[in-house]
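Notes follow once the structure below has been shown.
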Amino acid sequence: MVREIKGWHVFLWFALAFGTIVAVNLTLAFNAVRTFPGLEVKNSYVASQNFDAERTAQIALGWQVSAIVENGQLRLEFLEQGQPVAPAIESAIFGRATSTAADQDPEFRFDGQAFTAPVNAGPGNWNLRVKARAGDGTLFHQRIIVQVLK
């Protein structure tokens, strides 16, 4: 038996298809807003006024900075011409790139070669947002992508 397609059948299929699209879009938008970690700076115009001078001062320090997590220990290394440097760390936040829910404030200790601190890090993308002050007073601030080893 062949059934005839009526107008309300077509309307029902269109409503179901577009309803699914709208529901998925609303779910994605809600989750994007809910997990947004916030702004990097309050006023991007004001921050841009000092950007070039701050970047030039940081580059002049000549530091190579790296961070790695191995066996639950975060290791932050500042090198100047291959030699370890121990700047004063003013702030450091270890967390995910897309959410502040798992943010941690590591308590660093300098071991003569690098700064170390215990952290809880699972697999995935982790960042370290650090502000450190050089001996000459230059503020160094950077977001470092952290390599997590098992």
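The numbers here are math on the coordinates, done by the rules we state, and not lab data. Since the model is a prediction, treat every value here as computed from it, not as a measurement. Cβ placement follows ideal geometry from the backbone for every residue including glycine, while neighbour counts extend to all protein chains displayed.
Taken over the range 40-70, residues that are out of contact with any Lys or Arg (no Cβ under 6 Å at 6 or more places or on another chain) and not in a helix (DSSP H, G or I) amount to 12. A count restricted to the range 52-70 and to residues that are of a type outside the set (Val, Ile, Thr) and free of Cβ contacts under 8 Å to residues at least 60 places away in the same chain stands at 5. The residues of the range 62-92 that are under 24 Å from the mean Cα position of the chain (by Cα), farther than 29 Å from LYS150 by Cβ and surrounded by fewer than 18 Cβ atoms within 10 Å (Cβ to Cβ), listed by number, are GLY62, ALA88, GLU90. Going by the structure shown, is GLU4 surrounded by 10 or more Cβ atoms within 10 Å (Cβ to Cβ) and either in contact with a strand residue (DSSP E or B) (Cβ under 9 Å, 6 or more places away or on another chain) or among the acidic types (Asp, Glu) (or both)? Considered against the rule, which asks whether it is surrounded by 10 or more Cβ atoms within 10 Å (Cβ to Cβ) and either in contact with a strand residue (DSSP E or B) (Cβ under 9 Å, 6 or more places away or on another chain) or among the acidic types (Asp, Glu) (or both), GLU4 comes out as no. Being among the basic types (Lys, Arg) and either exposed (fewer than 10 other Cβ atoms within 10 Å of the Cβ) or over 30 Å from ALA32 (Cα atoms) (or both) is true for just one of ARG96, ARG129, ARG133, ARG143. Which residue is that? Among ARG96, ARG129, ARG133, ARG143, only ARG133 is among the basic types (Lys, Arg) and either exposed (fewer than 10 other Cβ atoms within 10 Å of the Cβ) or over 30 Å from ALA32 (Cα atoms) (or both).
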